[in-house]
Amino acid sequence: MMFEYTRRRGVRSPVTDASTFRVGRLARANSATEPKTDLSNLIDRSYNYHSPRELRWHLAERLGLAPNAVFIREAAAA
C-alpha cells in the first residue's frame with residue numbers, strides 16, 4: 001500500500017534532541033486517474049514522529065501489515 005503525507009513542523013525531542021515532525025494529512029496514494037483517499041483519521045496527528053520510517057512502521061502496525069508492504073512518500077509542496 002502506498003501512502004502520501006504532508007509534513008508539519010514538530011518539536012525537538014527531549015530524549016534525543018532531534019527534530020521531529022507531525023503529519024498534517026495522510027492519504028492513500030492512488031493512480032493519477034483516481035482521487036486520493038484521506039486517511040488522516042488512522043493516526044494521531046499530534047504525535048511527533050522522528051522519521052518517515054517510524055511513520056511507516058506505525059501505519060503497518062495500525063493496518064496489520066508487514067512493514068515492507070507499506071510505502072510512504074512525502075507530498076510535494078503546493
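The values are calculated or read from the model by the stated rules, or taken from the named source; none is laboratory data. Note that the structure is predicted; figures quoted are calculated from it, not measured. We place every Cβ from the backbone using ideal geometry, glycine too, and count neighbours over all the protein chains shown. What goes into the accessible areas is simple: the full protein's heavy atoms, side chains included, and nothing from ligands, DNA or RNA. Shrake-Rupley method; radii C 1.70, N 1.55, O 1.52, S 1.80 Å.
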Discussion item. Rolling a 1.4 angstrom probe over the protein chains, ignoring ligands and nucleic acids, what is the accessible area of residue 62 in square angstrom, nearest 10?
Written reply: 130 Å²
Response to the item:
Counting only protein heavy atoms and leaving out ligands, DNA and RNA, the solvent-accessible surface of residue 71 at a 1.4 Å probe, in Å² to the nearest 10, equals 110 Å²
Worksheet entry | Inter-label distance, nm, simple model (7 Å from Cα along the C-beta direction), residue 75/residue 53 | 2.6 nm
Worksheet item: Helix 52-63: angle to the longest alpha-carbon principal axis of the chain, degrees 0 to 90, nearest 10?
Response: 60 degrees
Worksheet entry | Mean Cα-pair separation over length for the chain, i.e. relative contact order, pairs under 8 Å, 6 or more apart, % | 34 percent
